[in-house]
Amino acid sequence: MKRVFSGVQPTGNIHLGNYLGALKQFVDLQNDYESLFCIVDLHAITVPQDPKKLKENILDVAALYLAVGVDPKKSIVFVQSDVSAHSELGWILTCSSHMGELSRMTQFKAKTANTSNKDSIGTGLFSYPLLMAADILLYDTDVVPVGVDQKQHIELTRDLAIRVNNTVKKTFVVPEGRYIKEGARVMGLDDPTKKMSKSAENQHSRISLLDDDNKIKKSIMKATTDSEGIIRFDIEEKPGISNLLNIYSALTGEPVEDIVKSYDGKGYGDFKKDLVEVTQNSLKPIKERFNEIRHSQELIDILKDGAERADAIARKTMKRVKENFGLGL
Ligand code: AMP
Ligand code: TRP
């Protein structure tokens, strides 16, 4: 069976973009692949974190994985820092990487663009993609489901795997990215030219999976549209309404064209009201399951078991890596 690996950062506010772009895919993939889904807490500390809040966020993401339908009987669900080999392999890959290739990462450039004192930019932010490469290569991963925003990191992972295989010894499986369709990229509700993000200041820019019905309603009713008043799909000219159509379609499985047809002659208000209902109904069972499991011993047991199973695979890889590099006894 081929292997899938993916990770989500425990940085709070898991939103519709994360759900439709990543988590929902995981649920489908776990039936066809041996799957590992990780809560990447070591990535989270590339920017300062409040330790108490971080721990809460880790458990939140873990509970959300399960609440959306990741099944611990089919998939390994675990916390990155519980398997020490991630850090170990991260270092070894650091030594196989180049300043130039890391400097070219657009996520690094975007995250540091507004830092006026360049000397204070965190080294962890710079080497972030190497830890991500370690996550993936550690499990001989075949397929990595992620949003298109991660494509450059996946390409770097492939480059590193090929480099080590060619210059040291054949060590790594070269993984492939599996990207969500461009249309499945969920944009900010307040500004549909920017992707929906966990960190945007305006909380009405996103719908978090745990938002209550009132907040869902407010955010959608406030969402930016345009003055034409006609419901049609046109990303360039009408990014706002097109984003809402995409969300509607992704949540219901109805093709966008059919939705557009059924709103012929109707206004944005009618459509938004229905989208509120669709969203509330889609998130209801997720929130219910989340509340059941979030503070349970079951959740802790699942993560412990996941870490043990992941560690067993990681150890084997590290043995091979160390041997091939001539490290250790
Ligand atoms: P992050 O929020 O950066 O930790 O991302 C977790 C996962 O969700 C990654 O696979 C991202 O590519 C995906 N993702 C994040 N934001 C969006 C978005 N607005 N639309 C679609 N996918 C997203
Ligand atoms: N960098 C990814 C993101 O921000 C999260 C991540 C870390 C990841 N390690 C990974 C995704 C390994 C896939 C595979 O979305």
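Among the residues making up the stretch 221-234, those that are without any contact (Cβ under 8 Å) to a residue 12 or more places away in the chain and part of a loop (DSSP other than H, G, I, E, B) are Ser227, Glu228, Ile230. Return the residue satisfying two criteria in turn: it lies in the stretch 175-192 and is at pLDDT 85 or above and among the acidic types (Asp, Glu), and of such residues it is farthest from ligand 1 (Cβ to nearest atom). Taking the candidates together, the pick is Glu176. Which residues, counting only those in the stretch 174-193, are more than 14 Å from ligand 2 (Cβ to nearest atom) and either part of a helix (DSSP H, G or I) or of a type in the set (Val, Ile, Thr) (or both)? Within the stretch 174-193, Val174, Glu182, Gly183, Ala184, Thr193 meet the criteria.
Would you call Thr279 within 26 Å of the chain's Cα centre (by Cα), buried (at least 19 other Cβ atoms within 10 Å of the Cβ) and not acidic (Asp, Glu)? Answer is yes for this residue. Which residue is surrounded by the most Cβ atoms within 10 Å (Cβ to Cβ), if the candidates are limited to the stretch 109-168 and must be among the basic types (Lys, Arg) and within 13 Å of ligand 1 (Cβ to nearest atom)? Restricting to residues being among the basic types (Lys, Arg) and within 13 Å of ligand 1 (Cβ to nearest atom), the top hit is Lys111.
Given Tyr128, Tyr139, which one is under 27 Å from Gly17 (Cα atoms), within 10 Å of ligand 2 (Cβ to nearest atom), touching a residue at least 60 places away in the same chain (Cβ under 8 Å) and assigned to a helix (DSSP H, G or I)?
None of the others qualify; the one that does is Tyr128.
Scanning the stretch 10-27 finds no residues that are farther than 25 Å from Ile293 by Cα, crowded, with 16+ Cβ neighbours inside 10 Å and hydrophobic (A, V, I, L, M, F, W, C). Pairing each residue of the stretch 193-220 that is modelled with pLDDT under 95 with any residue that is assigned to a loop (DSSP other than H, G, I, E, B) and of a type in the set (A, V, I, L, M, F, W, C), provided the two are 6+ apart or on different chains, yields C-beta distances under 9 Å for Lys194/Ala200; Lys195/Val186; Met196/Val186; Met196/Leu189; Met196/Ile207; Lys198/Ile14.
Every listed requirement among (1) more than 12 Å from ligand 2 (Cβ to nearest atom); (2) basic (Lys, Arg); (3) in a helix (DSSP H, G or I) is met by Lys151 save one, (1).
Cβ separations smaller than 8 Å between residues 6+ apart or across chains give the following pairs from the stretch 16-38 residues that are in contact (Cβ under 8 Å) with a residue 60 or more places away in the chain to residues that are hydroxyl-bearing (Ser, Thr, Tyr) and assigned to a helix (DSSP H, G or I): Leu16/Thr279; Phe26/Tyr65. With respect to the numbered conditions (1) within 23 Å of Ser84 (Cα to Cα); (2) away from ligand 2 (no atom under 13 Å from the Cβ); (3) at pLDDT 95 or above; (4) of a type in the set (Gly, Ala, Ser), which one is the sole condition not fulfilled by Gly122? Single failed check for Gly122: (3).
The values are calculated or read from the model by the stated rules, or taken from the named source; none is laboratory data. Given the structure is predicted, the values throughout are model-derived calculations rather than measurements. Neighbour counts run over all protein chains shown; Cβ positions are idealised from the backbone, glycine included.
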